[in-house]
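Trainee: Submitted below is the structure of interest, expressed as structure tokens.
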Amino acid sequence: MPITEVKKIWMNGKMVDWHDAKIHVLTHALHYGSAVFEGIRAYKTPEGPAVFRLSDHIKRLRNSAKVYFMDYGFTDEDLIQATKDLVKVNELDSCYIRPLVYRGYGEMGLNPLSADVDVLIACWPWGAYLGEEGIKHGITAKVSSFRRIDSNVMPPASKASGNYLNSILAKVEIIKAGYNEAVLLNTQGLVTDGSGENLFVVKDGVLYTPPTSDGALEGITRDSLITVANDLGYTVVEDHIVRSDLYLADEAFYSGTAAEVVPIREVDDRVIGEPGPVTKAIQEVFFKAIKGEHPDYKDWCELV
Ligand code: PMP
């Protein structure tokens, strides 16, 4: 997806012009994937632009960095303020926001501990990641032959850049096969995530989603949807899911910051169908919540 240029990118405490936001080719992270990142969205709300669950994203960024001993010289409050300032300075109502903490220039080799840790935050306008049609009518999914990284290989709980080569393998495989999004199984064969989304199934009115211990990312959208579903009176169970649970689901959907809430119409050519009532009810509340239009979830919208 092409990036739309805006004015500024925040780099290590400074607002830098878009075209001057550069790094050296010998940056450690470029060679070894030694970076961690976040994906956040800001939405237009009646009170002005607001970043959805910004504090929780910045907290997860710190946890991702902790796994790789990446200490950065900014507090969570600093990064929260920097994100808000960046959205403001770029005069955006709504946008995607990408903070990146990365091992910088000056050291090479696989002991990164003395390499600098740099931080940047970028943002740009970004539409529906899996398409508006997908949000309305659902998308096709296929189980990838690539297994999701194991916690003892590269902990999926850390949103590390290097991890996403795993997602890229899965995504490219299923796109080339003619499907919209991947389903990744863990090494035990249990369902974990999409390439960049969590996953829910609905069976007999109950929602199921894989536990993080199976390899699912602790998604912030996932957490929001669990709250929304509970508030709507649904039971949500975190339990193992096997691929036939997807085939035999009454409804299924992906969740994520980029994707938002995207119904799954079929998995491995087994038809689930058009978005069902549970998915639609959750979508309706969620899309109100992110735009600051739902009184119960105003706290999630952090005004810039
Ligand atoms: N799983 C994976 C593998 C992801 O990359 C993402 C996107 N961060 C998600 C799930 C969804 O997480 P969130 O709702 O916090 O964006």
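Read-outs: derived from the displayed coordinates by stated rules, not from any lab. On a predicted model such as this, the values are computed, not experimentally measured, just so you know. With ideal geometry, Cβ positions are generated from the backbone for all residues, glycine too; neighbour counts draw on all protein chains shown.
Trainee: Place a +1 charge on the Cβ of each Lys and Arg in the chain and a -1 charge on the Cβ of each Asp and Glu, then give the dipole magnitude about the Cα centre in debye, rounded to the nearest 20. Provide the component values of the computation, followed by the final result.
Mentor: Values: 31 positive and 43 negative charges, 114 e Å.
Here the size comes out at about 540 debye.
Trainee: Kirkwood hydrodynamic radius of the stretch 8-124 from all distinct Cα pairs, in Å? Walk me through the intermediate numbers first.
Mentor: Details: mean 1/r = 0.0683 Å⁻¹.
After inverting the pairwise mean of 1/r, the radius is 14.6 Å.
Trainee: Shifting gears a bit: As an exercise, identify the chymotrypsin sites (Phe, Trp or Tyr not before Pro) in the stretch 32-84 lying in DSSP coil whose Cβ has no more than 11 other Cβ atoms within 10 Å. Could the numbers behind the result be given before it?
Mentor: Values: sites: TYR32, PHE37, TYR43, PHE52, TYR68, PHE69, TYR72, PHE74; in loops: TYR68, PHE69, TYR72, PHE74.
Listed in order of number, the matching sites are PHE69.
Trainee: Springs between alpha-carbon atoms under 10 Å, Gaussian network over the chain: tell me which of GLU173, GLU218, GLU47 tops the mean-square fluctuations.
Mentor: For the chain, modelled as a Gaussian network with Cα springs under 10 Å, the answer is GLU47.
Trainee: Quick check on the chain: helices-only [θ] at 222 nm, where DSSP H runs of length 4 and up contribute -39,500 (n - 2.57) each and the sum goes over total residues. Nearest 500, please. Display every interim value, and only then the final one.
Mentor: Working: 8 runs with 83 residues, N = 304.
Rounded to the nearest 500, the figure is -8000 deg cm²/dmol.
Trainee: What is the magnitude of the charge dipole of the stretch 181-286 about its Cα centre, with +1 placed on the Cβ of each Lys and Arg, -1 on the Cβ of each Asp and Glu, and no other charges, expressed in debye to the nearest 20?
Mentor: Approximately 60 debye in magnitude.
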